[in-house]
Ligand code: BJW
């Protein structure tokens with residue numbers, strides 16, 4: 001379906017474009033929908049990662065304490081899928097907007113590493129919920145953390161069971177061609193089994209086979225993501241506070257108002273592919289609005305465009321189509337290498 005022709009009304013696009021071109025301080029709050037076209041499932045709703053598990057059975061410190069093998073298997077699967085996914089045109093478009101607008105800041109809920117891999121300038125994307133590729137000691141007092149660990153699997157016991165049936169099927173189709181068979185095997189291994197489907201049995205992994213902390217040598221390593229009930233990374237929160245608190249002394253000095261420094265106005269907030277249910281991320285659009293921002297929501301599901309107000313824009317459709325299209329007047333056309341989506 002071509003969402004562009006179906007849902008981008010010319011008048012909305014025109015008014016949005018005019019506002020975007022005037023905007024300097026722009027905040028984006030993307031969620032899992034940004035990466036959906038890269039083939040990564042969202043969390044909630046049909047086809048969501050949590051369809052067979054209660055979210056709190058996987059994404060809390062308590063879940064890790066009670067079944068670290070299950071939780072690690074879930075994250076090993078997510079690391080594997082993310083490593084084999086590619087950034088889509090929306091990731092590239094946001095990265096380009098960051099290069100064109102130095103005061104544009106992305107507050108990403110995503111842990112999949114696709115924005116960094118799209119070349120999004122690191123100081124202009126704050127990873128609210130950490131990264132699948134950071135691992136840290138479960139014992140906070142130990143303090144060990146290792147960033148950018150892309151090993152897949154991180155330990156042999158966490159290899160994703162391969163989808164043997166699809167491997168057999170694909171190699172049967174071209175039995176005479178060794179190369180085809182090898183490629184089919186690789187594709188099946190990359191695919192792996194969908195372990196978020198409860199009908200797929202998950203092997204029980206003994207604690208001794210899970211990754212251990214190389215510093216304290218007693219505790220387990222855990223994924224460096226933010227679970228429910230945990231604080232967001234302190235440095236990330238303080239960078240965001242600093243952004244929202246930044247003052248522009250010039251206009252106030254001009255107005256003879258030196259004593260009362262007001263924070264700089266925010267011009268625009270882009271809420272992209274998120275159900276806006278998880279805080280504090282879900283609160284940033286209101287915060288930006290309270291500082292003068294107009295809000296644009298990009299989502300396939302209108303019911304997830306919460307708290308829309310007069311003067312906001314809602315662009316219904318796939319972020320991978322919509323985001324590059326609505327930013328085009330500032331970022332230009334995407335490069336040929338940036339246009340693919342997952343099949
Ligand atoms: C598309 C699309 C396409 C699909 N194109 N769109 C205030 C009020 C109430 C509660 C709280 C509060 N403040 C804090 C809390 C507690 C809690 C919370 O928010 N609970 C709520 C559930 C009510 N928050 C926390 O605990 C946070 N910590 C904290 O605040 O610390 C201080 C504190 C602690 C305790 C008490 C009080 C204060 C931490 C939150 C950590 C969230 N972690 C997770 C897991 C990360 C690791 C992992 O990835 O496994 O983060 S939960 C999960 O949800 C993940 C996501 O980042 C997050 C948001 O999900 P997202 O991205 O919105 O995905 P979906 O699936 O929900 O939505 C996808 C959307 O895309 C949908 O709208 C689709 O329609 C759309 N879509 N395809 C465009 N192609």
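The values are calculated or read from the model by the stated rules, or taken from the named source; none is laboratory data. Worth saying up front: this structure is predicted, and the values here are computed from it rather than measured. Note that each Cβ is placed from the backbone with ideal geometry, even for glycine, and that neighbours are counted across all protein chains shown.
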Handout entry: Subset of region 235-253 (residues that are in contact (Cβ under 8 Å) with a residue 24 or more places away in the chain and either away from the ligand (no atom under 16 Å from the Cβ) or part of a strand (DSSP E or B) (or both))
Key = 239, 243, 244
Practice task
Go through region 116-139 and count every residue that is outside any loop (DSSP other than H, G, I, E, B), on the phi < 0 side of the Ramachandran plot and touching a residue at least 40 places away in the same chain (Cβ under 8 Å).
Solution key: 9
Practice task
Taking residue 232 as the residue in question, decide whether it is surrounded by 13 or more Cβ atoms within 10 Å (Cβ to Cβ) and within 12 Å of the ligand (Cβ to nearest atom).
Solution key: yes
Problem - Members of region 203-229 that are within 13 Å of the ligand (Cβ to nearest atom) and touching a strand residue (DSSP E or B) at 6+ places or on another chain (Cβ under 7 Å) - result: 222, 223, 224, 225, 226
Problem - Of all residues making up region 30-68, the number that are assigned to a helix (DSSP H, G or I) and crowded, with 17+ Cβ neighbours inside 10 Å - result: 11
Exercise for the section: Check whether at least one residue in region 325-335 is within 9 Å of the ligand (Cβ to nearest atom), in the same structural domain as residue 97 (by the TED database), assigned to a helix (DSSP H, G or I) and out of contact with any strand residue (DSSP E or B) (no Cβ under 8 Å at 6 or more places or on another chain), and report yes or no. Expected result: no
Exercise for the section: Might you let me know whether region 27-43 holds any residue that is more than 14 Å from the chain's Cα centre (by Cα), away from the ligand (no atom under 15 Å from the Cβ) and either at pLDDT 85 or above or under 17 Å from residue 80 (Cα atoms) (or both)? Expected result: yes
Handout entry: Residue list for region 271-313, filter: more than 9 Å from the ligand (Cβ to nearest atom) and touching a residue at least 60 places away in the same chain (Cβ under 8 Å)
Key = 271, 284, 285, 288, 293, 294, 296, 313
